[in-house]
1. Give just the number: which of (1) modelled with pLDDT of 80 or more; (2) among the hydroxyl-bearing types (S, T, Y); (3) farther than 17 Å from S278 by Cβ does S361 not satisfy?
2. What is the residue count in the range 70-86 for residues that are under 17 Å from G146 (Cβ atoms) and within 24 Å of the chain's Cα centre (by Cα)?
3. Return a yes/no flag: does the range 296-313 have any residue that is more than 30 Å from G191 (Cβ to Cβ) and free of Cβ contacts under 8 Å to residues at least 24 places away in the same chain.
4. Looking for something part of a helix (DSSP H, G or I), modelled with pLDDT under 85 and acidic (D, E) - is there at least one such residue anywhere in the range 52-72?
5. At pLDDT below 55 and of a type in the set (G, A, S): does that describe G181?
6. Going by the conditions given, is A204 over 11 Å from A325 (Cβ atoms) and modelled with pLDDT of 75 or more?
Amino acid sequence: MAFWMDQVTRGWLIYELTDSTVQLGLVRGVQAIPILLLSPIAGSAADRYSRKAQILISQTIDGSMFALLAVLIITGEILPWHVYVTAFGMAAVQTFEQPARAAIISDVVPTKNLTNAIGLNSIIFNVARSTGPALAGILIASVGTGGAYAAQAAFYLLATFWTLRLRAAVGAPAHGGHSHGVSFGRSIVEGWKFSWRNETVRTALWITMLASLFIVPFTTLLPVFARDLLHVGATGQGLLLTAMGIGALGSAVIIATFGDRMPRGLFMLSGVALYGVSVVAFAASPWFEFSMFLMIIVGFANVCSHALVQTVIQTYSPAEFRGRAIALFHMGQVVMTAGSMLIGWLAALFGSVGAVALMGSAGALAMAGIHFFLPRAWRIR
């Protein structure tokens with residue numbers, strides 16, 4: 001909840017302070033830097049040290065930064081550089097938190113229930129994604145950004161309390177400290193080598209990276225579609241994102257329900273292919289209602305492929321490599337940033353409709369390429 005509230009509050013705060021759309025974009029851009037630079041180290045740390053301890057330390061730092069922002073805003077001492085420094089700090093801390101949080105699921109959930117557990121996690125993620133920004137908007141309107149950040153700090157306090165209650169056995173990596181005998185650099189390289197040599201993990205990473213590069217960035221141009229092409233304004237854009245959230249939630253419920261009974265390779269590839277085709281159809285749609293329907297399909301396909309990719313990586317990675325493999329999975333966010341830059345450049349050349357259609361088609365064709373060159377991908381269980 002606090003993470004998604006920050007997506008609204010931080011942007012609103014920097015815009016209040018600067019009235020600059022350029023800085024509105026920059027405050028998000030700086031958050032990609034720690035992900036790119038620190039993800040390999042974070043994955044190695046998740047395999048080397050206590051995952052529970054990493055989550056606790058990360059949540060404590062995050063909550064402290066939110067509380068600091070609340071105090072600075074309420075006392076009138078807030079400056080733009082405070083927003084930038086904490087944005088960078090939050091991204092750095094969350095880069096370490098994400099692989100530990102993801103890998104800890106495999107430590108405590110039996111393998112036969114792992115897909116169900118990740119599906120449940122996806123449900124929580126999408127519920128928070130739907131409600132967090134709305135709650136932030138209500139708090140900003142009623143008590144200001146200072147009050148919103150105070151609430152976010154309180155959410156982290158609650159999260160830390162419940163993390164402390166995890167059973168003690170979770171406190172240490174399941175592999176018994178195998179990585180302690182080697183340097184961080186060597187540990188990182190070993191994680192990369194494992195992820196490349198393991199065909200199933202490599203295939204799953206290819207799927208998520210290609211989707212992040214070609215398909216996911218279409219949301220960058222969503223304001224253009226809402227305002228200039230569908231003529232529904234900011235309210236319509238919100239409804240399109242809500243429709244995407246509904247589809248994502250439905251997909252997460254199916255994954256949580258059916259779990260390992262699903263043929264994961266088939267659903268990964270077909271899910272991303274459907275994602276790409278749906279995005280192409282969205283680009284061509286002149287009707288808002290039909291675009292809403294397509295966004296439901298987009299959300300469904302996105303989560304279906306994303307959650308299953310994460311399940312496959314965790315299932316086929318031994319405990320001693322799991323954190324590093326998950327860190328590579330999360331580096332898809334950096335690839336998505338590159339894709340956002342690419343789609344913006346293509347939109348300048350061919351228009352927004354042409355750019356989204358071209359990128360969506362490339363993503364769907366990439367899945368066909370994986371099927372052709374890695375035929376065993378369909379048979380991943």
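The values are calculated or read from the model by the stated rules, or taken from the named source; none is laboratory data. Being a predicted model, the structure only gives us computed values, none of them experimental. Ideal geometry is used to build each Cβ from the backbone, glycine not excepted, and the neighbour counts take in all protein chains shown.
1. (3)
2. Adding up the residues that qualify gives 2.
3. No: the range 296-313 contains no residue that is more than 30 Å from G191 (Cβ to Cβ) and free of Cβ contacts under 8 Å to residues at least 24 places away in the same chain.
4. No, every residue in the range 52-72 fails to be part of a helix (DSSP H, G or I), modelled with pLDDT under 85 and acidic (D, E).
5. no
6. So A204 fails the test.
Table: residues versus (1) assigned to a helix (DSSP H, G or I); (2) over 27 Å from G265 (Cα atoms).
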residue: A100; (1), (2): yes, no
residue: A103; (1), (2): yes, no
residue: G119; (1), (2): yes, no
residue: I124; (1), (2): yes, no
residue: A128; (1), (2): yes, yes
residue: T131; (1), (2): yes, yes
residue: L135; (1), (2): yes, yes
residue: L166; (1), (2): no, yes
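Residues checked against (1) assigned by TED's automatic domain parsing to the domain that holds A252; (2) surrounded by fewer than 23 Cβ atoms within 10 Å (Cβ to Cβ); (3) farther than 30 Å from I104 by Cα; (4) not charged (D, E, K, R):
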site	(1), (2), (3), (4)
F293	yes, yes, yes, yes
T315	yes, yes, no, yes
A319	yes, yes, no, yes
I326	yes, no, no, yes
Q333	yes, yes, no, yes
W345	yes, yes, yes, yes
L349	yes, yes, yes, yes
G354	yes, yes, yes, yes
F372	yes, yes, yes, yes
